[in-house]
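Written out below as structure tokens is the structure these notes cover.
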Amino acid sequence: PGRRVLLLGEGNFSFAAALCGAAAAARLVATCYEGEEEVAGRALAAENIRRLRGRGAEVLFSVDCTKLKDYFSPADGAFSCIYFNFPHCGRKAGVVKNRELLAQFFSSCAEVLAEKGEVHVALCNGQGGTPADQPRRAWHNSWQIVVVAAGARFILSDVHPFNAENIHGYKCTGYRSQDKSFSVEGALNHIFTRSTPLRRLKPMICQMEWGNRKISFQVPQVLVDKINRGFLELNSEHPVRTVKEKLTAVLSQAFPIQSIDCSLLLHQGHINGVCHSNVFWIAPNTEQNASTEQMANGPANTVLFSHVDFCKDTDGNSWMKVQEGNLLSEQYFLRPSLLLYVQTLIERAAFLPGTLYVLSGPVFRKCLISPHSLPVFHEAVFVCAVDQGMENSCIQMLVDTIRSGIYSLHQTVSGCKLNVTLQEATSFETTELNDFAAFEAQVTKIQHFVCVETDALGSCEKGCCVGTVSTVRDGPESSDLVAVCASVNLDLLAMLICGIADWRMLWTSDERFLSQFPGGELRLFKSFSLYPPSYVHDVSFWLPDREQFDGVAFHTIARQVSHDTVVSIQLIDSFQHSETARKSLCYRLTYQSCDKALSCREVAEMQLLFRKEIQRCLRVTLR
């Protein structure tokens, strides 16, 4: 009731008449492209126009769907819904002209549609070019509707059959611009909604307490929209917090629980065994390299830091930090794992055997791009000290309780099967580990992996590793205690429980994500952006002489310049010159957004920026 609905391209107004009868309380505006005299000469159209006007609907003629703002004033109110059934340029217009028509139509809709409005476009079978079409046309022979809609910031949020037989009195017309019907068998109704904008993120300064000092540092640009999101805070309804709270509640039935504050994102020192190119390094700013704004806003007792991106020392080692020609004596980095705090925790005098200590918070890692490689995620670490003779029984109890907690989480979500297994670390080859497990194995000696198999998302034969179990024996010299540690990737677990296929969806700013989890209730997630378009670009370059190529840095630059829209990077060719021995690489990048409209033009701009950045940061020579 009260919704203002616009219908475009009505040939004989039979759809408008049917909709007016079904939605009598809506404010209907029915239009057609032809003039009134031409339409009124057709008996069925004249009768439907009479019915529409008799029910209070507005009927307009000679309305161009590509110039809607010329006909409708903002003072009259935006439209809640716009219908365009079987658009066509007329006669024998090909797919290119019809794509152009749709592109202009969507741009025009953006000017008159309400913020949360919908655009319904019905197309004949195969025209849309999405996987919903059966059979599906070749992409080049389709209207590529998701691509043309993305150019006007629209995403496909639903698609369902257009059942003409269920629409009372409806008769399709307009075959080759004539008053003739055409086949609508297998036709689909595509429902589009507005996308949130692709944000241009500004540099961000983060401040925190470090002992008796305040530390201020520049957040790495690739992480700007992921710092201080508050997913685990008390008022959060994010599924990651629900997973953490419910898992902790189950563990509290078997262990006394004590939570440890982990608000400090920076870590200082060295990381043994960890590849340094996987870490986000932070370097102290000197008075010379601190920005004017930072120096003006930072209090006197604030230590300023800047992020170090892909700096190389004179030997070409990309992990070393160089400042004014000298290696920094203090090594600071964004914490890549909460396991780094375990040693400090067990050496505290207040550390009580038998108590399960819980640490949780976001961690940050540079990693290669893949669906389950998360550069930032929320980790929960559970630590319990026991006598050395009780080590195995504690491990078993902790793992059984975590397994029980995961099954308890799964019971709240229907629609997918789930199996939790404990795998010996020795049963995995390094290549079988996902990024989370592989990195944890660098931080500490892993004894077991907690794996989840589900039919909701694809996973490897042994399941997706969401947790690790390890022991720490380096307590006080006189201690006979062993600390048993279990680390859980809360983001991966939430994805598997709720059927979220893409980790980026957890970080979306679109309110339609959290609205599916009211009060933090876990449910099977339904994507609000279906069949998002993907774009492929290649880049080839010569490597610099005597320098090892930093693949992780290459992927991190792609994440940064694309705002995490690069979903795949593949090496498609490698060449070494026979005379100069110079080596050339060719990579294929695939761009795709899981929650936002992404246009061809935006991707082309990102690719140009990517080429400039790899040339500047990695010193490659573009081909």
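The values are calculated or read from the model by the stated rules, or taken from the named source; none is laboratory data. No experiment lies behind these values; they were computed from the predicted model shown. We place every Cβ from the backbone using ideal geometry, glycine too, and count neighbours over all the protein chains shown. The area values use the complete protein model at the heavy-atom level, side chains included, leaving out ligands, DNA and RNA. Shrake-Rupley method; radii C 1.70, N 1.55, O 1.52, S 1.80 Å.
The set of residues from region 492-515 being touching a Lys or Arg at 6+ places or on another chain (Cβ under 8 Å) and surrounded by fewer than 16 Cβ atoms within 10 Å (Cβ to Cβ) comprises just one member, Ser509.
Yes/no per residue for (1) over 23 Å from the mean Cα position of the chain (by Cα); (2) of a type in the set (Gly, Ala, Ser); (3) under 20 Å from Ser527 (Cβ atoms):
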position	(1), (2), (3)
Gly186	yes, yes, no
His190	no, no, yes
Lys226	no, no, no
Glu237	no, no, yes
Leu247	yes, no, no
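How about region 375-391: which of its residues are within 25 Å of the chain's Cα centre (by Cα) and among the polar types (S, T, N, Q)?
Taking region 375-391 as the starting set, the residues that turn out to be within 25 Å of the chain's Cα centre (by Cα) are 375-381.
Matches in region 375-391: none.
Look at region 520-540: where a residue is free of Cβ contacts under 8 Å to residues at least 60 places away in the same chain and surrounded by fewer than 17 Cβ atoms within 10 Å (Cβ to Cβ) and a partner is part of a loop (DSSP other than H, G, I, E, B) and of a type in the set (A, V, I, L, M), sitting 6+ places away or on another chain with Cβ atoms under 9 Å, you get Ser534/Leu598. Filtered by the rule that a residue be in a helix (DSSP H, G or I) and surrounded by 13 or more Cβ atoms within 10 Å (Cβ to Cβ), region 576-603 gives Cys600, Glu602, Val603. For region 375-387, the criterion of being among the aliphatic types (A, V, I, L, M), closer than 18 Å to Glu245 by Cα and not in a strand (DSSP E or B) is met by no residue. Just for region 224-247: of the residues that are in contact with a Ser or Thr (Cβ under 8 Å, 6 or more places away or on another chain) and of a type outside the set (A, V, I, L, M), which one is farthest from Arg504 (Cα to Cα)? Once the filter is applied, the top-ranked residue is Lys246.
Of all residues in region 222-255, count the ones that are assigned to a loop (DSSP other than H, G, I, E, B) and of a type in the set (Asp, Glu). Give the steps one after another, and end with the answer.
Residues of region 222-255 that are assigned to a loop (DSSP other than H, G, I, E, B), as a first pass: 227-238, 252-255.
Then drop every residue that is not of a type in the set (Asp, Glu), which leaves 233, 237.
Within region 222-255, residues that are assigned to a loop (DSSP other than H, G, I, E, B) and of a type in the set (Asp, Glu) number 2.
The residue that is nearest to Ile260 (Cα to Cα), counting only those in region 375-408 that are modelled with pLDDT under 90 and touching a helix residue (DSSP H, G or I) at 6+ places or on another chain (Cβ under 8 Å), is Ala385. Selection of strands (runs of 3 or more DSSP E) fully inside region 1-115 by the criterion of at least 2 residues being touching a Leu at 6+ places or on another chain (Cβ under 7 Å), open to solvent by 40 Å² or more (accessible area, probe 1.4 Å) and under 22 Å from Arg194 (Cα atoms) returns nothing.
Please indicate, with yes or no, whether at least one residue in region 418-433 is assigned to a loop (DSSP other than H, G, I, E, B) and touching a residue at least 24 places away in the same chain (Cβ under 8 Å).
Initial filter on region 418-433 (assigned to a loop (DSSP other than H, G, I, E, B)): 428-429, 433.
Adding the requirement that they be touching a residue at least 24 places away in the same chain (Cβ under 8 Å) leaves 428, 433.
Checked against the condition, which is being assigned to a loop (DSSP other than H, G, I, E, B) and touching a residue at least 24 places away in the same chain (Cβ under 8 Å), region 418-433 yields at least one hit.
Kindly indicate whether Asn289 is modelled with pLDDT under 85 and more than 28 Å from Pro203 (Cα to Cα). I'd like the intermediate steps shown before the answer.
Working: modelled with pLDDT under 85: yes; more than 28 Å from Pro203 (Cα to Cα): no.
When the stated conditions are applied, Asn289 does not pass them.
The one condition from (1) surrounded by fewer than 15 Cβ atoms within 10 Å (Cβ to Cβ); (2) under 30 Å from Arg42 (Cα atoms) that His190 does not meet is (1). For region 234-262: of the residues being closer than 20 Å to Pro375 by Cβ and in contact with a strand residue (DSSP E or B) (Cβ under 7 Å, 6 or more places away or on another chain), which is surrounded by the fewest Cβ atoms within 10 Å (Cβ to Cβ)? In this case the residue turns out to be Cys262.
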